[in-house]
């Protein structure tokens, strides 16, 4: 059998995605059912436990293929977008899947219970969340998109799904400066290094895998690393083992990191020196055209 990455292929000792039959062995194969995320963010955990490690987050509107549900309120599934596999709370999912008309274009916005900014918000929707606008309403404060299944979002924070994307994905990453570092996070409430890269690229209309090692292998073109680094430019991705940052210019690195405990900007030479003190060298540099 071919060795598959369990982060992006749904298989366990007792259960596997039916699409993997012939590639992995399991006593039971399941087709899976499509569900949609209806919370601002849904944690995707390694185990069906609220204290389990946070692997990533699914955003409002994302589609999840669920292979198993437990009686304790957990669903084991795979995100249709980047293919990540893990456990999600069943309360964050619904069986009715609605195609999106708009996506959140602000760093975050509120979902109100109705078209009134004075109402207590139902939840916060992060950048990149996808919604189905079924109508519009307006009061003296704002114009709102009415969202399926319920709620309202101010229209200036939404962009049609087919609208041109932000051309400068590095600028998107820069908008997260100061956001707290959170392992597995993908929002302005908390974000990690590869989550920052994935969210920024997605906002620019580019698909990217979730984890740093995947990104180092699959994004853009590799630049040769010799005794000296090649000339760098804005948007280049710099990788260490288990970490990624992006260049704001030829000398300045932006990265979500645990040293600053936030998304921070610093000279690349300072970051290299700090990693070198831990015995870590730059392993890859990738350039997107």
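Hey, rough spin-label estimate for residue 70 and residue 123, points 7 angstrom out along Cα→Cβ, what's it come to in nanometres?
Rounded to a tenth, the inter-label distance reads 2.1 nm.
At 0.36 nm per residue, and after removing the present C-alpha to C-alpha distance, how many nm does the segment from residue 274 to residue 31 gain when stretched out fully?
82.8 nm
Can you tell me the mean projection area, over all orientations, of the convex hull of segment 107-222's alpha carbons? Units nm², please. Don't jump to the answer; show the numbers that get you there.
Working: hull surface 33.5 nm².
Average projection, Cα convex hull of segment 107-222: 8.4 nm².
As a test of the definition: which semi-axes, in Å, follow for segment 42-189 when you take the square root of five times each eigenvalue of its alpha carbon gyration tensor? Largest first, please.
The answer is 27, 19, 15 Å, longest axis first.
What FRET efficiency, computed as 1/(1 + (r/R0)^6) with R0 = 45 Å and r the Cβ-Cβ distance, is obtained for residue 259 and residue 162, rounded to the nearest 0.05? Display every interim value, and only then the final one.
Working: r = 40 Å, r/R0 = 0.89.
Once the sixth-power term is evaluated, E becomes 0.65.
Write down the Kirkwood hydrodynamic radius of segment 20-84, to one decimal in angstroms, obtained as one divided by the mean of 1/r over all alpha carbon pairs.
After inverting the pairwise mean of 1/r, the radius is 12.8 Å.
Can you compute the FRET efficiency between residue 49 and residue 138 using 1/(1 + (r/R0)^6), with r the Cβ-Cβ distance and R0 = 45 Å? Round to the nearest 0.05.
0.50
What does the helix-only formula give at 222 nm for the chain: each DSSP H stretch with n ≥ 4 adding -39500 (n - 2.57), the total divided by the residues, and the result rounded to the nearest 500 deg cm²/dmol?
Theoretical 222 nm ellipticity from helices: -3000 deg cm²/dmol.
No solvent, one uniform scatterer per C-alpha: report log10 I(q)/I(0) for the chain via the Debye equation at q = 0.09, 0.12, 0.14 1/Å, two decimals.
-0.48, -0.83, -1.07
Say R0 is 35 Å: what FRET efficiency, to the nearest 0.05, do residue 91 and residue 116 get from their beta-carbon distance?
0.85
Each label point is 7 Å from the Cα along the Cα-to-Cβ direction; what then is the distance between the points at residue 3 and residue 19, in nm?
Here the answer is 2.3 nm between the modelled labels.
Relative contact order (percent) for segment 102-160, with alpha-carbon contacts under 8 angstrom and 6 or more residues of separation?
Averaging sequence separation for qualifying contacts and normalising by length gives 39 percent for segment 102-160.
So, in nm, how far is label residue 283 from label residue 108 when the simple model puts each one 7 Å beyond its Cα toward the Cβ?
Simple spin-label model gives 3.1 nm for this pair.
We did not get these values from a lab; they are worked out from the coordinates using the rules stated. Just so you know, these numbers come straight off a predicted model, no measurement behind them. Every residue, glycine as well, gets a Cβ built from its backbone with ideal geometry; the counts of neighbours run over all protein chains shown.
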